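Structure, as structure tokens:
Laboratory data are not the source of any read-out in this text; all were calculated from the coordinates shown. Owing to the predicted nature of the structure, the values given are computational and were not obtained by experimental measurement. Using ideal geometry, Cβ is built from the backbone for each residue, glycine included, and neighbour counts are taken over all protein chains shown.
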Amino acid sequence: MKPEQKDRMVKCPVCYQEKKWQGNAYRPFCSERCSLIDLGKWAEGEYKMSENLSEENSETVDDY
Ligand SMILES: [Zn+2]
């Protein structure tokens with residue numbers, strides 16, 4: 001028996017609750033809800049970035 005192989009706990013970056021790492025399908029989040037919250041943040045940032053890109057693209061097309 002290895003004392004190191006205890007249940008590993010992971011802190012959810014969204015709600016800061018500690019949950020077991022093993023058997024957690026949504027790690028590093030504690031639940032599906034928190035993973036969706038985090039994904040939503042990323043999606044928002046990506047959306048803004050792609051909006052800027054498409055603006056640049058249309059400008060280039062006009063120039064051409
Ligand atoms: Zn959480």
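Counting neighbouring beta carbons within 10 Å and listing from fewest to most, the residues Trp42, Trp21 come out as Trp42, Trp21. Applying 0.36 nm per residue to the separation of Tyr26 and Met9 and subtracting their alpha-carbon distance, the gain on full extension is 4.8 nm.
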